[in-house]
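Written out below as structure tokens is the structure these notes cover.
The values are calculated or read from the model by the stated rules, or taken from the named source; none is laboratory data. Treat the numbers as computed from the prediction; the structure is a model and nothing was measured. Here Cβ is always computed from backbone atoms with ideal geometry, including for glycine, and neighbour counts include all displayed protein chains.
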Amino acid sequence: MALLQVNPTRMELARLKKRLQVARRGHKLLKDKRDELMKKFLDIVRKNKELREQVEAMLMKAYGSFLMARAVMSNEVLEEALMFPKQSVSLEISTKNIMSVKVPEFHFRVENNDASNIYPYGFANTSAELDEAIGTLAEAQLLMLELAQAEKSAQMLAMEIERTRRRVNALEYFLIPQLEETIKYITMKLDENERGNLTRLMKVKDMMLEQAHHFREKQKAKE
Amino acid sequence: MYRIGVIGDRDSILGFRALGLDVFPVNEPSETAETLRRLGREGYGVVYITEQAAAPVMDVIDEFSEKMHPAVILIPGIRGNPGIGMLNVRKSVEKAVGADIIFRDEK
């Protein structure tokens, strides 16, 4: 693990220790965030899958009827029948906050004077299959909107989870070990200096004592 | 106030017009990309796009994935269901979890 380029001083040590503390706390928080996001994500994505299956089945059914309608009606009549929709749909988007990820919430409003009659054409020139197709589509519409919401939320959460995971890993496997190691390096360096200083002092003391009392010369004289 | 758009081949999406959605029939991938970008600018909240139309322009669709809207949602087209939509769901699971844990029992 690469060390940080630092001067082995006490100031630096104190600074690094503070950074390590912050990194540890950040790591814990991010980990909690990731876990909670994952929980929410799995709920949403399960719903997403279910809705998608339902919607796809319904659409295929509608397309089946639609194909039949196409076969029994001429192109022009079909186009004409669908040209002026009776209802119009508008959409409101509000945002929901899931663990500080903003996801959209769709509310749609159907503007239609007569909810029981959604068919924008008279029944004289059109086939029953077309009614069926439109009916199924109308049923599918609400589910499709729910699907849109779930799928968009799932996508956004997935991205946020990926980002959070990267950050957790960067902290856990890079920044924190790096800081720890640098702190260890500085502590050892400081300790070593301390020991060096101590021996130097002892040596100096010996020399000063020697100068003051001339132990060695006295020893020699005795002999 | 947002609108809902549908992009795809004419046969698949014509029915949605009766429901009051705005339909945009396209034939060429370049047309699809252009329409998609235009709808992105013009305040569409949800854009449904058939899988056949979406397949060649997935990069354009990815442009919208970070944005709040429009939500670009794949739907099957009239000529069958290649399963790209489901694949996308699976992909986001893999992205988030690192492994596919929702669909694995179906393979």
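Annotation: residue A:60 fulfils all but one of (1) out of contact with any strand residue (DSSP E or B) (no Cβ under 9 Å at 6 or more places or on another chain); (2) without any contact (Cβ under 8 Å) to a residue 60 or more places away in the chain; (3) not charged (D, E, K, R); the unmet one is (1).
For segment B:76-89, filtered to residues that are assigned to a helix (DSSP H, G or I) and not β-branched (Val, Ile, Thr), the residue that is farthest from the other protein chains (Cβ to nearest Cβ) is B:87. Residues in segment A:7-52 that are touching a residue at least 60 places away in the same chain (Cβ under 8 Å), loosely packed, with under 15 Cβ neighbours inside 10 Å and outside any helix (DSSP H, G or I): A:9 alone. Tell me yes or no: at least one residue of segment B:90-106 is in contact (Cβ under 8 Å) with a residue 60 or more places away in the chain, at the interface with chain A (Cβ under 10 Å from one of its Cβ atoms) and not in a strand (DSSP E or B). Within segment B:90-106 (the criterion being in contact (Cβ under 8 Å) with a residue 60 or more places away in the chain, at the interface with chain A (Cβ under 10 Å from one of its Cβ atoms) and not in a strand (DSSP E or B)), the answer is no, since none of the residues qualifies. Summed over segment B:16-51, residues that are part of a strand (DSSP E or B), buried (at least 23 other Cβ atoms within 10 Å of the Cβ) and among the hydrophobic types (A, V, I, L, M, F, W, C) total 3. Taking each residue of segment A:154-173 that is more than 30 Å from residue A:50 (Cβ to Cβ) and looking for partners that are buried (at least 20 other Cβ atoms within 10 Å of the Cβ) and of a type in the set (Phe, Trp, Tyr) with beta-carbon atoms closer than 9 Å, six or more apart or interchain, yields nothing. Kindly evaluate residue A:55 against the criterion of being outside any strand (DSSP E or B), buried (at least 19 other Cβ atoms within 10 Å of the Cβ) and under 28 Å from the mean Cα position of the chain (by Cα). Yes, satisfied.
Considering segment B:54-75 alone, what residues qualify as being touching a Pro at 6+ places or on another chain (Cβ under 8 Å), at the interface with chain A (Cβ under 8 Å from one of its Cβ atoms) and part of a loop (DSSP other than H, G, I, E, B)? Residues satisfying the conditions are B:68, B:69.
Being part of a strand (DSSP E or B), crowded, with 18+ Cβ neighbours inside 10 Å, at the interface with chain B (Cβ under 8 Å from one of its Cβ atoms) and in contact (Cβ under 8 Å) with a residue 12 or more places away in the chain is true for just one of A:106, A:66. Which residue is that? Spell out the reasoning first.
On the way: A:66 fails: part of a strand (DSSP E or B).
A:106 is the lone residue from the list that is part of a strand (DSSP E or B), crowded, with 18+ Cβ neighbours inside 10 Å, at the interface with chain B (Cβ under 8 Å from one of its Cβ atoms) and in contact (Cβ under 8 Å) with a residue 12 or more places away in the chain.
Screening B:10, B:3 for residues that are within 14 Å of chain A (Cβ to nearest Cβ) and touching a residue at least 40 places away in the same chain (Cβ under 8 Å) leaves exactly one candidate, B:3. Residue B:21 meets each of the listed conditions (1) within 13 Å of chain A (Cβ to nearest Cβ); (2) more than 15 Å from residue A:88 (Cα to Cα) apart from (2). A residue that is in contact with a Leu (Cβ under 7 Å, 6 or more places away or on another chain) and either at the interface with chain A (Cβ under 9 Å from one of its Cβ atoms) or not polar (S, T, N, Q) (or both) occurs nowhere in segment B:27-34. With respect to (1) touching a strand residue (DSSP E or B) at 6+ places or on another chain (Cβ under 8 Å); (2) within 24 Å of residue B:89 (Cα to Cα); (3) at the interface with chain B (Cβ under 10 Å from one of its Cβ atoms), the lone exception for residue A:89 is condition (2). Every condition in (1) facing another protein chain (nearest Cβ under 10 Å); (2) modelled with pLDDT under 85 is met by residue A:76 except one, and the failing one is (1).
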